[in-house]
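Please read the structure below before turning to the comments.
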Amino acid sequence: MTSSAWTVALGLLCVVTLETVSRAGLISDLYLVPPSTMATRAASLVTDGGFLRQDLLPSVALIAVTFAVAGLLGIATAYLLWRSDWCRRAALPWLAVYYAIPVFAIYPCLVVLFGVGPVPILVVSVAFGTVVVVTNTLTGFDSVPQPVVKLARARRLGAGQYLRRILLPAAAPDILAGLRLGLVYSIIGVLATEFILSTHGLGHYIADAYHTFRVTDMYAGILLICVVALVLNVGSATVAGRLDWRRR
């Protein structure tokens with residue numbers, strides 16, 4: 001069997017196990033509902049216009065905006081750090097310890113500044129997803145072969161030409177890897193922050209279902225999160241595979 005077949009088989013085994021355990025009553029339905037029940041409820045939610053407008057689509061839109069902003073900001077920041085050795089040496093220690101800092105701990109300050117809504121969610125999520133793009137893009141910029149750098153100097157390419165013709169194409173695989181991780185962090189940032197900073201969105205829907213003991217709704221929302229994350233990651237992997245010249 002191929003690795004993909006093993007992955008599918010393992011997923012099916014987990015689903016069947018959960019279905020059997022929950023149907024047999026080994027775990028109370030206050031804690032776990034059968035996956036078939038989750039799927040049925042999730043299917044009904046995606047056909048509910050109110051849920052789509054207030055919860056699913058706002059979350060997907062915030063993820064898309066967060067990913068775009070984090071990607072552009074991360075690449076631009078990496079280029080500035082690559083161009084300035086002084087800025088890079090000053091910033092790298094902070095980047096190294098960035099993920100030890102609890103970004104979500106600043107949300108009370110954001111509530112005071114922006115209130116509850118999409119703005120603080122966007123700020124936290126962009127802050128969460130940008131740095132991984134910066135670090136991977138810097139790695140890509142540093143990987144440009146020296147003969148190529150010397151050739152560019154010999155041809156007297158300007159900064160803009162060097163960026164477009166040499167730097168970005170050579171660093172593309174690492175940039176794509178950073179963007180894929182940035183997408184993952186964007187999904188985590190948006191959905192996690194919606195639990196505490198939003199009155200709408202998929203994260204808020206799950207939190208509200210949890211607090212009001214709507215167990216089936218809670219698991220249906222979690223299942224939808226898994227589906228959204230899977231679709232976005234498969235899509236990004238497909239695009240990255242086509243653009244990554246090292247895989248050709």
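Remarks
- Test: residue 126 is in contact with a helix residue (DSSP H, G or I) (Cβ under 7 Å, 6 or more places away or on another chain), free of Cβ contacts under 8 Å to residues at least 24 places away in the same chain and open to solvent by 10 Å² or more (accessible area, probe 1.4 Å): no
- Exclusive hit being under 20 Å from residue 73 (Cα atoms) and touching a helix residue (DSSP H, G or I) at 6+ places or on another chain (Cβ under 9 Å), set 162, 205, 210: 162
- Scanning the range 209-237 for residues that are assigned to a helix (DSSP H, G or I) and open to solvent by 60 Å² or more (accessible area, probe 1.4 Å) returns 210, 211, 222, 226, 227, 230, 231, 234.
- Within the range 22-36, none of the residues are of a type in the set (A, V, I, L, M) and part of a helix (DSSP H, G or I).
- Residue in the range 201-220 that is on the phi < 0 side of the Ramachandran plot and within 16 Å of the chain's Cα centre (by Cα) present: yes
The values are calculated or read from the model by the stated rules, or taken from the named source; none is laboratory data. Source: prediction; values computed, not measured. Heads up, the Cβs are rebuilt from the backbone with ideal geometry, glycines too, and the neighbour counts pull from every protein chain shown. Protein only, heavy atoms only, side chains kept; ligands, DNA and RNA dropped before computing areas. Shrake-Rupley method; radii C 1.70, N 1.55, O 1.52, S 1.80 Å.
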